[in-house]
Amino acid sequence: MAKTSGLGDNLYISGFDASGDIQSLGNCGGGPAVLDFTAINKSAMERQGGVRDGRIEYTAFFNHVAVTGGTHEKLSALPTTDQIVTYCRGTSLGDPAACLVAKQINYDGNRNADGSFTFGVSSQANGYGLQWGQQLTAGLRTDTAATLGTSIDTAASASFGAQAFLHVTAFTGTDVTVKVQDSADNSTFADVASFAFTQVTAAPAAERIALGSTATVRRYIRVSTVTTGGFTSCTFNVVVIKNDTAVTF
């Protein structure tokens, strides 16, 4: 894989596309806490991993849209509920993305000497830690009817479960259900049991779903949409994390 720049990235916050108002990304990281297990008979540190953590920090421009709602309205509310944050490193099918169920910790304004007005925001993990996965949509995808998506190749089948994140930024219609399907040969696909998001009837919407830790997900994966009452437009992003080893949450 070739080295790439950080150009052309996206950031979604609980179904809101904040990409056009983000100046820069700060700390996007996670992993287990480091526990010190060094005994008195050791001459070097011994460490083991503890609970997982994660954070996505970014700087936002000031964008105030009183009627329809801009990034300022979204972030200045300082919600106390969980927020789903997804950073997309590129917006092509299969590109990496970092996902987080998080609490928004702050919204710190900074008026610089040159006149620019920006805000620093830290989203910190709540429950699961930072998870890197692959995009099953090319950034934001817009379906105008029930659609079978294009697949990605994950190289092999695995039996350690998976997680998926959904952002719906715009929706017109009665309902839509976004679901993950898999295939062994990239030809015959089937629904992955229990890997469908809650039916969407309005936007914005966001959700994290997870399979059991021993569920099998086959080599090829795609995301598809279905409907019972019909819809005319749904704009959404899906990221899947397919576990290559046993994971405990």
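Coordinate-derived values only; no laboratory data. Bear in mind the structure is a predicted one, so any value in this text is a computation, not a measurement. Virtual Cβ from ideal backbone geometry, glycine too; neighbours counted across all protein chains shown.
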If one builds a Gaussian network model of the chain from Cα atoms under 10 Å apart, the most fluctuating residue listed among ILE105, ILE221, ILE56 is ILE105
Rounded to one decimal in nm, the spacing of the 7 Å Cα→Cβ label points at THR59 and ALA77 is 2.6
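Which of THR225, THR68 comes first, and how do the rest follow, when ranked by fewest Cβ neighbours within 10 Å? Please report the intermediate quantities before stating the final value.
Details: THR225 20, THR68 6.
Sorted ascending by nearby Cβ count, the order is THR68, THR225.
Please give the calculated 222 nm ellipticity per residue for the chain, where each DSSP H segment of at least 4 residues contributes -39500 (n - 2.57) and the sum is spread over every residue; nearest 500 deg cm²/dmol? Walk me through the intermediate numbers first.
Numbers: 1 runs with 6 residues, N = 249.
-500 deg cm²/dmol, from helical runs alone.
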Diffing segment 64-69: the Karplus 3J(HN,Hα) column from phi (6.51, -1.76, 1.60, θ = phi - 60°), in whole Hz with x for Gly and Pro, holds 9, 10, 5, 7, 8, x
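Keeping to pairs on different chains or 8 or more places apart, tell me how many lysine pairs in the chain have Cα atoms under 27 Å apart. Write down the numbers at each step before the final one.
Details: LYS3/LYS242; LYS74/LYS103; LYS103/LYS179; LYS103/LYS242; LYS179/LYS242.
Taking the chain as the scope, the lysine pair count is 5.
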Eigenvalues of the alpha-carbon gyration tensor of the chain, times 5 and square-rooted, give semi-axes in Å, largest first, of 30, 28, 16
Expected unfolding gain across THR144-ASN126 under the 0.36 nm per residue rule, minus the alpha-carbon gap, is 3.1 nm
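Would you calculate the convex hull of the Cα atoms in segment 137-242 and tell me its volume per residue in Å³? Working shown, then result.
Details: hull volume 8.9 nm³, N = 106.
Here the figure is 84 Å³ per residue.
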Karplus ³J(HN,Hα) for segment 177-193 (6.51 cos²θ - 1.76 cosθ + 1.60, θ = phi - 60°; Hz, whole; x = Gly/Pro) runs 10, 9, 9, 9, 10, 9, 7, 8, 10, 6, 10, 9, 10, 9, 4, 7, 4
With Cα springs under 10 Å, the Gaussian network model of the chain assigns the largest mean-square fluctuation among PHE37, PHE160, PHE119 to PHE37
Full extension between ALA2 and VAL51 adds, at 0.36 nm per residue less the Cα distance, a length in nm of 14.3 nm
Going from the fewest other Cβ atoms within 10 Å to the most, one would list LEU130, LEU211, LEU78 as LEU78, LEU211, LEU130
Ranked by GNM mean-square fluctuation in the chain (Cα springs under 10 Å), the top entry among THR214, THR137, THR81 is THR81
Exposed trypsin sites (Lys or Arg not before Pro) being those in a DSSP loop with at most 16 other Cβ atoms within 10 Å, the longest stretch of the chain free of them is 43-249
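Are there any GluC sites (Glu not before Pro) in segment 1-89 that are in a DSSP loop and have at most 15 other Cβ atoms within 10 Å? List them by number. Spell out each step's value before the answer.
On the way: sites: GLU46, GLU57, GLU73; in loops: GLU46.
Here the GluC sites (Glu not before Pro) that fit, given the DSSP loop and packing criteria, are GLU46.
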